[in-house]
Amino acid sequence: MKNCGGLLNAGHRKGAVAGRCVVRGKNIETEEIPAYAAVAMAGLGWLPDTILSRSVIVRMRRRHAGERVEPYRRRVHAAEGCGIRDMIAAWTRSVSVEWPELPNEIQDRDADVWEPLVAVADAIGGEWPARARAAGVALVADSKEVEASLGIRLLTDLQSIFEGAQELPSKAILELLQGLLEVPWGDLHGKPLDERGLARRLRAYGIKPKTIRTGAGTPRGYSRADLEDQWRRYLPVPPDKSKTSKTTETLPDQTVSDVAVVLEFSAKEADAALRGHKLPSLRRVR
């Protein structure tokens, strides 16, 4: 998976390569493998963060008994698929693509993978710029709903117990953590979280215990002021405090479709769109 991560990390950029070491006899040599390619991966459960953060993630669900899906058969559908592929190839040779402005919700590595898709949508025009941005915002938000690491979970729970408090002793923090519902702090590899473990986990975020003053003396503990910067950096912003997306500002007249509609785009609809006015300068290639 490590080598796969290196390939995917470079693979979104044209001309990029991924290096590896190769043993030939008694010599160890390095070689560079061309990595630029479109990649589709499927997996069960959660894939590694290094893969998820470089991907457009579409969650799949098991089909229930009432859902009907046309089965794919290569001998039946290959010709139709190749026709669509050839039309897209012809269109790419005749169109000028400009790099788009993305919504605020699509940043960093997500922008790396979504920027080309939104650029293609802008080149097509019509309803597609708005639909692509709506799909991007929805799928990026959905991709963040992953099982949090213990470090992020600890910061989240500390934010909860520090509400209304400026300083707390370490012992009080551990008691409050244990009192939260559905938390892992009572059983970490068979032992509950203790003061040493709390300090070790928070040290990774640059947070250290210090002497604080309480009515009972001067125990070791933590202050809200030392945690707030890490809360801002690592925890998601609540919806009511997030910045308004620029999607509606840049596309005031576009109707944004639900992301489910965007994803349910059949081959026949794609063929009709490719042959229609939505893709100017496009001709069927035979």
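Each value in this text was obtained by applying a stated rule to the coordinates, not by laboratory testing. All values reported here derive from a predicted model rather than from experimental measurement. In this analysis, Cβ positions are derived from the backbone assuming ideal geometry, glycine residues included, and neighbour counts consider all displayed protein chains.
Quick notes
- Across all directions, the shadow cast by the convex hull of segment 12-102 built on its C-alpha atoms averages 11.8 square nanometres.
- In this structure the amide hydrogen of residue 18, modeled in the peptide plane, comes within under 5 Å of the amide hydrogens of 33, 35, none closer than 5 places in sequence on its chain.
- Separation of segment 155-185 from segment 55-78 is 45 Å, based on Cα centroids.
- Scaled against the 2.2 N^0.38 Å expected of a compact globular protein of N residues, the Cα radius of gyration of segment 2-52 reads 1.37.
- Karplus-derived 3J(HN,Hα), 6.51/-1.76/1.60, for each residue of segment 91-107, Hz, glycine and proline x: 5, 5, 7, 10, 10, 9, 10, 10, 6, x, 8, 9, x, 4, 6, 10, 10
- For 39, 23, order by how many other beta-carbon atoms lie within 10 Å, fewest first: 23, 39
- With a cut-off of 15 Å between beta carbons, the residues surrounding residue 216 carry a summed charge of +1, where Lys and Arg count +1 and Asp and Glu -1.
- Calculated on the alpha-carbon coordinates, the convex hull of segment 150-235 measures out at 95 cubic angstrom per residue.
- Radius of gyration and Dmax over the Cα atoms of segment 124-190, both given in Å: 19.4, 60
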